[in-house]
Every structure is written in C-alpha cells, then in structure tokens.
Amino acid sequence: MAPELAGSRAVLLLIALYCWGRAVHGASSGVTICTCDLTPGSCDINCCCDPDCSSGDPTNVFSFCLPGSTKAQSWSCLSSWLIFRNNTPYPTTILGVPPAQLFCVSSTDASLNYFVTPQKVDAVNFASVSDPYSGASFSPVSASTPAFSSFYKAGDPVLTIFTSGALGVLRQPAAIGDQNLCTDQNPAKFLQNNLTSCVRVFSNLTASCETDRFLSVSYYYQDMTVLRVPADVTDQNAIRVPIISTVTDKPILQGDVCNNVVTQVIYTVLYNCTQGITRVSVDFTLSNVSAASASISQNFSVLYKPITLAAQGSVQARSGNPGYLVGLPVLSDIGRLSLLRSLVGESCSYSDVQFGVNAQSGCVIRGSNQETCSVLQARAYQLLVKQAPASLAMFGNVTAGQAGDRTPIIYQNCTLQGDCASSCLIPTSLHMQILWAQVGLLSNPQSQIVGARFVFTCQFVQCQDTTILHTQVSFTDLSSRGPAPRSSPSVTDRAPLDFFFPFQSSTAGMTAGNRLLCVMLALLTFLQ
C-alpha cells in the first residue's frame with residue numbers, strides 16, 4: 001500500500017475517532033453545574049469553578065481545588081499501530097507501553113463537567129507543579145511595615161481594635177504540644193470555618209475561679225471591635241463592628257464549685273463582597289466545674305456567613321447546588337429549619353438542623369403563677385416548632401421566599417387538654433422525620449428531600465413544675481438503586497464447518513431431528 005494512501009486512511013480514521021469521541025462524551029458528560037458554588041454573588045473558598053471568583057487561573061487564588069471544581073479532560077483512544085501519520089490540530093498523547101500503546105486525541109469539549117479528583121501533590125512533584133505559579137507567596141516575608149489591603153482575602157487574619165487603640169487580631173485558641181495546651185496566639189482566618197479544641201490547666205481553681213481571664217466570657221468579646229475592612233486601620237472615622245453577645249455571666253465560686261466557666265466559644269461573622277464584615281456575634285456554653293479540677297477542655301469555632309445587600313441581615317446561602325450537602329442547613333419556606341437546644345440555665349435557644357445529621361437536644365421550661373394551662377401549652381408548642389414552617393425545600397439551592405420544588409410538612413399533633421389546678425397536657429417532645437433520596441446520574445447523585453413529618457408527643461405536667469422539652473431530627477434514606485451494569489457479552493466461537501454444512505454449522509447443540517437427517521443422508525450416499 002502506498003504511504004500516501006495509508007496516511008489518508010489513517011487521517012480519516014483519526015477524524016472518525018475524534019467525532020465519535022465528541023458524540024460519546026458530549027452525550028454522557030453534559031453536566032456543567034458547579035456543585036461547590038454555594039454562595040450566590042460571592043466567591044466560595046477553594047471552589048475553582050465558581051464564576052464569582054477570579055477570572056484568571058484559580059490556583060493563583062486558592063491553595064487547592066475542591067473535588068469536582070476543575071474541568072475533566074476527555075480522551076478518545078485506539079491502538080497506536082493503526083495510525084501511520086498524525087496531522088490532527090487537536091491535542092494528542094501516547095499512553096501505555098509497547099506493544100499495548102494507545103494513540104489518544106483530546107476532544108477539547110467545552111461542555112465537559114467538573115467531576116474529577118484534583119492532582120495529588122507530594123514532595124516528589126512539588127517543584128514541577130509550583131514552578132508555573134511561583135511568585136510572592138513563595139518568597140521570604142518582608143521585614144518592612146505591612147501594607148493592609150482594601151478588602152479581606154481568604155486566609156487573612158481578622159483585625160481588631162482594642163479600646164486602648166492597640167491593633168490586634170480575632171483570636172481562636174488552638175492546641176499546642178503533646179498535652180494540647182491552649183495557645184492564644186492563633187488568629188482566626190477570614191473565610192475559613194474552623195473548629196479547635198485545647199486544654200486549660202490550673203494550679204488552684206479555687207483561687208483563680210473569679211480572676212482567671214480565660215474562664216470569663218468578657219475576655220472573648222468585650223473591650224474590642226472588629227475592623228470592617230483592613231483599610232480601616234488608617235481611618236480614624238471608619239466604622240468599627242462590635243462583637244455582640246447576650247451572655248454576660250461571670251465566673252462565681254460557690255463552695256467547691258466554680259460556676260459559669262467558659263467551655264465553648266462560637267464566633268459568627270457576617271460579610272458581603274462590597275462592605276466587608278458587617279456583623280460579628282459570639283455565643284458561649286457555660287459549665288460548672290469542680291474547684292478540685294486541674295484542667296478543663298475548651299472548644300472554639302469561627303463561622304463565616306455571606307450576606308446580601310438586598311437581604312440586609314438575612315443570610316442567603318445555598319445548602320447545596322442543586323442537591324443538599326451533608327452538614328449544611330435544611331431550608332424551609334421561612335428560612336432555616338431549627339432545632340431546640342439549651343443555652344444557659346433554663347434559657348432556650350436554637351441551632352440549625354444539618355442535613356443528614358441525626359440529632360437530639362432540648363431545654364427546660366417552667367410555668368409562672370400567672371400562666372394558664374392554655375398559655376403554657378401554646379408556649380411549649382411554639383418553643384418546639386418555632387414559627388411552624390409549612391414546607392421544606394427539596395433541593396439545597398432553593399432559598400426562603402423563592403419559588404421552587406418544595407415538599408409539604410405533615411404535622412401529627414396531640415389533643416391539648418387539662419388545667420393547672422389538676423394537671424395540664426402539653427407537648428413535651430417533637431420528632432422531625434425527614435425522608436430523602438439520591439436522584440440523578442449514578443456518577444453524580446444529588447440529595448433531595450422527598451417528604452417530612454413532625455410528630456408531637458404530649459404528657460400531663462404540673463404547671464409550676466420544671467418540664468424538659470425534647471426535639472429530635474432523623475433522616476431516612478429512600479434511595480432506590482438502579483440495576484447493576486451488565487457485563488460485557490461473551491465471545492461465542494463457531495465450530496469449523498463440517499461435511500453437512502449448510503444443514504448444520506456446528507455439532508454443538510444438534511437436535512434429534514438434525515441427527516436423524518444426517519444419518520439418512522449418510523445411508524443414501526453409501527447405498528449409491
């Protein structure tokens with residue numbers, strides 16, 4: 001065969017292979033949604049496909065890309081020995097080793113999805129991976145006076161100003177050393193939600209109960225404000241954001257017990273892309289510790305939540321895009337679904353119901369002398385259900401007040417009766433049963449809420465007695481898995497053609513009638 005003819009056939013085969021690859025991959029990989037884009041109008045950290053982030057190379061902004069946020073490459077391959085000449089304008093590569101080498105062409109299809117695991121970087125390939133992006137981030141830190149940027153960037157420390165005028169950072173104590181002792185030099189980093197735990201050691205808690213600043217809530221938020229943006233350092237008239245808290249209890253030594261000791265600190269920072277940090281609040285968990293204790297454990301959390309100017313205070317964030325992600329809030333028609341919990345003493349508060357996380361909590365209530373049975377019943381019901389949402393968002397990208405797929409909540413109440421003179425029947429527990437399933441492609445399933453039922457349990461109580469209210473949330477997976485993929489068809493070899501072809505092409509599977517016909521033909525041949 002002439003080389004020119006062989007080359008032409010190879011090119012035609014290559015073009016056919018490429019077109020087949022585009023058709024196959026275009027049909028199976030047409031999902032272009034960015035699943036880690038959870039905050040509309042804001043850049044989600046390490047989400048390299050978020051259109052709200054930098055338009056340049058995302059690796060210049062983030063230290064790594066979340067799984068599913070980098071585009072996948074699609075190759076169409078065939079055995080390399082079939083190719084005589086390559087003149088395609090598309091990217092090609094040779095995979096494998098002889099004699100099993102493959103010649104592959106990249107389809108360069110813009111509609112490919114993002115579902116691919118990011119490249120693993122280790123000590124061997126770090127230099128080759130970092131060289132294209134080397135710059136100031138790999139250079140020694142300058143010893144000159146730091147220059148503050150106009151806005152916070154991901155990973156920047158959150159700056160604070162004390163009443164004395166000193167510049168500081170929002171601290172998030174962390175563990176150090178083998179004994180996990182607390183160090184208060186660890187700064188909270190902007191846009192990086194983090195949880196740390198550490199241990200405080202005492203030589204004499206009886207003497208330091210009311211004087212140790214680390215045990216009091218005032219140490220974590222009083223006498224300091226947060227800078228809205230770093231550029232406000234040099235602006236004396238800039239707005240300072242106060243840290244808000246409703247807890248003011250101080251440690252008090254009563255006998256051999258130190259009361260109101262801080263064991264958990266949760267900062268919540270609200271921000272937007274144009275005004276910077278707009279609100280900071282802090283919540284505490286207080287405990288009573290025996291004065292004989294030599295140490296206590298403390299937990300510290302910093303949560304960052306985006307806020308839109310139109311909402312003016314209400315957080316508009318997705319809980320998945322489109323399907324729910326485990327650990328993110330469940331959305332209802334009035335906002336986030338809430339779970340009753342105890343705050344301090346007999347105070348009741350709420351926390352978000354997290355998708356896929358079964359939980360149980362509660363708090364204590366007590367009726368007053370002025371309350372009737374019906375008033376106590378209404379107060380208990382309102383505490384358990386909090387504004388009684390009518391429906392839940394089926395997907396995580398449906399926000400409150402937005403039209404979309406929703407599933408109604410089925411309420412199962414109990415009959416309220418009685419009076420405070422004898423006994424009052426009030427709701428004491430609520431079980432939120434949420435049904436969900438995975439829908440969509442097996443390669444990229446999305447979690448969807450398909451139903452919900454709120455079941456109340458009531459019991460008779462004395463109005464003046466202390467009553468414990470319980471709330472429970474459970475998630476049930478109703479996913480119906482599809483049939484397993486069928487195996488590849490087996491190869492059926494034909495037996496060699498025998499003397500009696502075309503009456504029988506193979507002796508395997510010969511029927512009784514075929515055998516009789518063969519015998520009769522053999523006898524006729526013999527008699528002739």
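Multiply the residue separation of ALA166 and CYS348 by 0.36 nm, subtract the distance between their alpha-carbon atoms, and state the gained length in nm to one decimal. Numbers along the way, then the final one.
Details: separation 182, 0.36 × 182 = 65.52 nm, distance 3.68 nm.
Here the answer is 61.8 nm.
Can you compute the charge dipole magnitude of the stretch 236-395 about its Cα centre, using +1 on each Lys and Arg Cβ and -1 on each Asp and Glu Cβ, nothing else charged? Give it in debye, rounded to the nearest 20.
For this selection, approximately 340 debye.
Assuming 0.36 nm per residue, please report the length gained on full extension of the stretch LEU523 to LEU253 beyond their Cα-Cα distance. Write down the numbers at each step before the final one.
Working: separation 270, 0.36 × 270 = 97.20 nm, distance 11.66 nm.
Stretched out fully, the LEU523 to LEU253 stretch lengthens by 85.5 nm.
Mind giving me the nanometre distance, one decimal, between the label points for THR88 and GLN185, set 7 Å out from Cα along Cα→Cβ?
With each label placed 7 Å out from Cα toward Cβ, I get 5.7 nm.
Taking R0 as 56 Å, what's the FRET efficiency between LEU102 and SER197 from their Cβ-Cβ distance, rounded to 0.05?
Here the calculated transfer efficiency is 0.65.
At a Förster radius of 35 Å, what calculated FRET efficiency corresponds to the Cβ-Cβ distance of THR476 and ALA294, to the nearest 0.05?
Computed FRET efficiency for THR476 and ALA294 comes out at 0.20.
Calculate the dipole size of the stretch 329-387 relative to its Cα centre from +1 charges on Lys and Arg beta carbons and -1 charges on Asp and Glu beta carbons; express the result in debye to the nearest 20.
Details: 5 positive and 4 negative charges, 8 e Å.
Value, rounded to 20: 40 debye.
Stretch ASP122-ILE244 to full length: gain in nm at 0.36 nm per residue minus the Cα-Cα span?
39.6 nm
How much accessible area per residue does the stretch 216-278 have, in Å², with a 1.4 Å probe? Kindly include the intermediate steps, with their values, before the conclusion.
Working: 2880 Å² over 63 residues.
For the stretch 216-278, the per-residue accessible area is 46 Å².
Got a sec? What order do GLU210, GLU371 fall in by accessible area at 1.4 Å, biggest, i.e. largest, first?
Order by accessible area, largest first: GLU210, GLU371.
Under a point spin-label approximation (7 Å from Cα along Cα-to-Cβ), what is the SER287-ILE176 distance to one decimal in nm?
2.3
Sorted by accessible area (1.4 Å probe), largest first, how do LYS153, LYS386 line up?
Numbers: LYS153 125, LYS386 75 Å².
Sorted descending by solvent-accessible area, the residues read LYS153, LYS386.
On the first, second and third principal axes, largest extent first, how far apart are the outermost C-alpha atoms of the stretch 240-308 in Å?
52, 20, 15
Compute the distance in nm between two label points, each set 7 Å from the Cα along the Cα-to-Cβ direction, one at GLN222 and one at SER79.
With each label point 7 Å from Cα toward Cβ, the separation is 8.2 nm.
How much accessible area does ARG228 have with a 1.4 Å probe, in Å² rounded to the nearest 10?
The value for ARG228 is about 70 Å².
The values are calculated or read from the model by the stated rules, or taken from the named source; none is laboratory data. As the structure is a prediction and not an experimental result, all values here were calculated from the model. Counting neighbours? That spans all protein chains shown, and the Cβs are built from the backbone with ideal geometry, glycine included. For accessibility, only protein heavy atoms count, side chains too; no ligands or nucleic acids. Shrake-Rupley method; radii C 1.70, N 1.55, O 1.52, S 1.80 Å.
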